[in-house]
Structures are given as C-alpha cells and as structure tokens.
C-alpha cells in the first residue's frame with residue numbers, strides 16, 4: 001500500500017492492453033503537492049494516470065485512491081451540445097457541496113455561490129465571452145482552457161492531469177501554474193504526466209520516470 | 001475534503017439525464033433520425049407483407065416493436081458517440097459514482113427519448129395502417145412498459161462495446177437475442193390491446209414490467225465494473 005503520507009498510489013501495477021504489457025510492476029505514491037510523472041511518448045504515463053483514475057483495469061498490483069478524483073486527459077472531456085458553462089456546472093453539481101469556491105466571493109445561497117464560482121473561473125480563463133456557446137464551436141485551445149477551469153471550480157483530494165501544458169499559450173500556462181498552486185494550497189495531491197515541460201521543474205515536490213512501461217530512476221525534487 | 005456522499009446516486013443519475021436531454025434539445029438530429037428510421041421501417045415492412053396482413057392484430061404490433069427496437073439501438077449508439085467525441089465519457093466515469101450515474105442517467109434519458117419516438121412512430125403506424133384499437137388504455141400501458149424495458153439492455157450492450165471498433169455490428173448481435181423475450185411480450189401485449197383482450201394485455205404488460213426491472217438491476221450491477 002502507498003506510504004502513510006500519500007493520498008493515492010499504485011503498487012506493483014501491471015496493465016495489459018491489446019495483449020501487451022504497457023505498465024509493468026509500477027509503484028507510484030502521490031502526496032499533497034505536485035508530483036510529476038515523466039517519460040517519452042509511449043512510456044506509459046497516460047496509462048498510469050488512467051489506472052489511478054480507475055479507467056483501465058490492473059492485471060496485477062493494487063491501486064489506492066480517494067473517493068473524489070479529478071482526471072483531466074489529453075482531450076477536454078466536454079460534452080458536445082452543451083456550453084462550456086453548462087459542462088462546468090454539470091461537474092460541480094455532480095460532485096456536490098465538497099466543490100467549493102476558490103475564486104469568487106460567495107454569494108448568498110448555494111446556487112448563487114455556484115454561479116459566482118463558475119463566472120469567476122470562466123472570467124479567469126478568458127472564456128467569459130464564449131461561455132454560452134456550445135463547446136464544439138470553440139477552438140481547441142478554448143476547450144482546453146474550459147477543461148482546466150475545472151481545477152478552479154471543483155475541489156478534490158486527488159487531481160490527475162495528462163500533459164496539461166500542451167496546446168496552451170503563455171498566458172494560459174501562467175494561469176495553469178496559478179491554479180495548480182491554488183489547488184495544492186487546499187491540500188490537493190496532484191499527479192501530472194509530462195514528457196518534460198520546464199514549467200513543472202520548480203513546482204514539483206516529487207518526480208517519477210517511466211520508460212517502456214517500467215519505472216526508471218528519477219532524482220527527487222525534494 | 002471529505003467524500004461527497006451527500007449527493008445521492010439518484011440525483012447524480014438525474015444530472016446525467018438532464019445533461020443528455022439538454023444536448024438532445026440543442027442537437028435533435030438523433031431523435032429525428034430515430035423517428036425517420038422508425039417511420040420508414042414501418043412503411044417498408046407494411047409494403048413487404050401487404051396492407052391486409054400488416055393490419056392484423058398479431059402483425060401490426062410486431063412491425064412496430066421491431067422498428068422501435070432498431071430505433072432504440074440507433075438512438076443509444078448516437079448518444080454514446082457524442083460521449084466519445086471529446087472523451088466526455090472519461091470525464092463522467094472518472095467522477096465519484098460516475099459509472100452508476102452514467103448508466104442510470106442514460107436509462108432515464110433514453111427512456112424519455114424512446115417515449116417520444118414510440119409516440120410519433122405509433123401515431124404514424126395507426127394512420128398508415130388505419131388501425132382500430134379496442135383497448136386504448138391497455139395499449140398505452142403496454143407501450144409505456146415496453147419502452148421502459150428496452151433501454152436497460154440496449155444501453156448495457158452499447159456501454160460494454162463503446163470502445164470497440166466492431167461496435168456497430170456487435171450491438172445488434174448482442175442485444176437482439178436478449179431482447180427477444182421483451183419483443184415477444186411487447187408484441188403480445190399490444191396485440192391483445194388491439195384485439196380487445198384485456199386480461200392478455202395486462203398479463204403481458206406485467207411480464208414486460210418484470211423484465212424491465214430485472215434487466216435494470218442487472219445492468220446497474222454489471223455496468224459499473226464493465227465500463228472502461
């Protein structure tokens with residue numbers, strides 16, 4: 001099982017997809033703060049995140065995760081036909097009252113608080129003008145921003161982010177750094193899969209590396 | 001940051017159903033496709049067997065339920081295709097309680113959509129074939145429970161095959177044998193209502209209700225561990 005201070009982890013995790021072992025005997029601990037999972041393309045980073053999120057079954061090993069997990073994959077995970085605001089509202093409502101305001105001052109009542117939080121996140125991520133357009137009419141970058149705005153609208157014990165800096169311009173990358181720091185200040189454990197973005201070097205408190213589905217030595221940032 | 005146990009599974013399912021209904025309202029192409037598909041199928045079947053045979057109280061309901069079954073597959077497949085467009089499916093099933101809510105929410109949403117398709121398709125068939133209905137109340141009840149009995153299996157099969165390339169071929173192959181009892185019960189219930197057999201319509205409707213209940217519980221048990 002993961003070490004005492006960790007929020008989540010994999011122990012001896014092996015994942016087999018299409019008769020191929022894409023993760024082999026992987027151990028990862030995710031503690032409050034930011035943990036980075038590095039590796040080249042095809043190393044198994046995405047599979048490791050999906051294994052933690054419960055999106056792929058383990059052929060061997062164990063997974064320990066908290067109840068409330070936020071998983072943001074390569075794509076925005078927004079339902080076409082709904083607006084960015086409606087998509088974000090759905091996720092907030094689904095999680096219930098554990099999602100709490102971080103950006104906007106609370107308005108009276110739960111509904112008011114939720115809408116204020118939504119409006120604040122959409123404003124912060126530069127989506128105010130396009131918040132009520134169906135997401136399929138937004139650019140890829142705007143959809144990415146809307147997806148990342150979930151970091152500001154939902155509170156969770158564990159956040160799993162797959163290459164979150166991909167497709168972001170400098171302004172959005174700065175916003176993401178800020179949101180990550182806000183989330184860690186609330187005690188969220190964050191695991192970020194990355195093939196080596198410099199943005200993470202000064203944020204990470206712990207790092208792991210994967211190659212060909214196996215753990216390889218990676219110096220800790222501690 | 002404790003677990004969000006305050007939001008019931010029912011409410012989560014309702015949220016998923018609402019999300020689906022909102023997307024359908026904005027892009028009703030799936031519903032329109034299902035209604036068109038059903039109308040064309042009923043018309044073709046009627047032409048193939050001939051109007052006299054098609055009007056028979058044993059045949060007309062069979063034409064209707066076969067068409068509605070395929071419309072259910074079209075609608076459900078379309079619904080999951082939308083979930084895959086931007087990996088929205090992952091966003092839901094990674095949420096706490098997401099798998100259960102996804103299945104239950106799709107049941108509710110597709111039940112509503114199929115209800116609309118069944119209503120329009122039924123009216124079209126009554127007009128096309130100039131059907132006389134001896135027991136309209138029984139027919140309505142049979143149709144409601146018949147519609148309710150379809151989504152548990154169709155959603156289950158589409159959910160289980162959602163990431164498979166051969167899904168289009170697999171769903172009917174998997175669903176149709178399992179749905180055969182529903183098809184028989186629904187056809188007989190509606191046929192009895194058309195012919196004026198109140199006891200027969202009630203008995204077949206009760207059987208349909210039991211089938212719907214069993215498959216819904218079965219689906220809720222299987223899907224959370226099966227969706228990937």
Unique residue being touching a helix residue (DSSP H, G or I) at 6+ places or on another chain (Cβ under 9 Å) and either more than 14 Å from chain B (Cβ to nearest Cβ) or within 28 Å of residue A:47 (Cβ to Cβ) (or both) when the list is A:152, A:201: A:152
Among the residues of region B:3-17, are any under 22 Å from the mean Cα position of the chain (by Cα) and farther than 30 Å from residue A:65 by Cα? no
What are the pairs with Cβ atoms under 7 angstrom where one residue, in region B:6-33, is facing another protein chain (nearest Cβ under 8 Å) and the other, located anywhere, is assigned to a helix (DSSP H, G or I) and at pLDDT below 90? Sequence gap at least six, or different chains. B:6/A:96; B:6/A:97; B:7/A:96; B:24/B:30
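Say we look at region A:40-64 and pick out the residues that are part of a loop (DSSP other than H, G, I, E, B) and within 17 Å of the chain's Cα centre (by Cα); which of these is farthest from residue B:91 (Cα to Cα)?
Looking only at region A:40-64, we keep the residues that are part of a loop (DSSP other than H, G, I, E, B), and these are A:40-44, A:53-59.
Applying the additional criterion that residues be within 17 Å of the chain's Cα centre (by Cα) yields A:44, A:53-56.
Numbers: A:44: 20, A:53: 10, A:54: 12, A:55: 10, A:56: 14 Å.
Ranking the qualifying residues of region A:40-64, first place goes to A:44.
With a cut-off of at least 1 residues that are within 11 Å of the chain's Cα centre (by Cα), name the helices (runs of 4 or more DSSP H) lying wholly within region B:79-186. Give the derivation first.
Numbers: elements: B:88-93, B:98-129, B:136-160.
Fully inside region B:79-186 and qualifying: B:98-129, B:136-160.
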On the basis of being away from chain A (no Cβ under 14 Å) and touching a helix residue (DSSP H, G or I) at 6+ places or on another chain (Cβ under 9 Å), does residue B:120 make the cut? yes
If we take region B:1-78, then helices (runs of 4 or more DSSP H) inside it with 1 or more residues that are under 20 Å from residue B:186 (Cα atoms) and at pLDDT below 95 are B:29-49, B:51-54
Looking at region A:205-216, can you tell me whether even one residue there is buried (at least 24 other Cβ atoms within 10 Å of the Cβ) and either closer than 19 Å to residue A:84 by Cα or in contact with a helix residue (DSSP H, G or I) (Cβ under 8 Å, 6 or more places away or on another chain) (or both)? yes
Counting just the residues of region A:65-90 that are within 17 Å of the chain's Cα centre (by Cα) and surrounded by fewer than 20 Cβ atoms within 10 Å (Cβ to Cβ), which one comes out farthest from residue A:212 (Cα to Cα)? A:67
Considering only region B:208-228, how many residues are more than 17 Å from residue B:65 (Cα to Cα) and buried (at least 18 other Cβ atoms within 10 Å of the Cβ)? 6
Suppose we keep only residues that are over 21 Å from residue A:7 (Cα atoms) and touching a helix residue (DSSP H, G or I) at 6+ places or on another chain (Cβ under 9 Å) within region A:160-173. Which one would you say is modelled with the lowest pLDDT? A:167
For residues that are surrounded by fewer than 24 Cβ atoms within 10 Å (Cβ to Cβ) and either within 14 Å of chain A (Cβ to nearest Cβ) or more than 21 Å from residue B:168 (Cα to Cα) (or both), tally how many sit in region B:64-82. 5
If we ask which residues in region B:171-207 are closer than 21 Å to residue B:134 by Cβ and surrounded by fewer than 19 Cβ atoms within 10 Å (Cβ to Cβ), their number turns out to be 9
Only one of (1) closer than 23 Å to residue A:186 by Cβ; (2) outside any strand (DSSP E or B); (3) more than 14 Å from the chain's Cα centre (by Cα) does not apply to residue A:28, and that is (2)
Do you know which residues across region A:60-86 are farther than 19 Å from residue A:179 by Cα and more than 7 Å from chain B (Cβ to nearest Cβ)? A:60, A:61, A:62, A:63, A:64, A:65, A:66, A:83
From the list B:30, B:105, B:91, B:98, which one is touching a strand residue (DSSP E or B) at 6+ places or on another chain (Cβ under 9 Å) and surrounded by 17 or more Cβ atoms within 10 Å (Cβ to Cβ)? B:91
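The values are calculated or read from the model by the stated rules, or taken from the named source; none is laboratory data. Note that the structure is a prediction, hence the values are computed from the model and not measured. We place every Cβ from the backbone using ideal geometry, glycine too, and count neighbours over all the protein chains shown.
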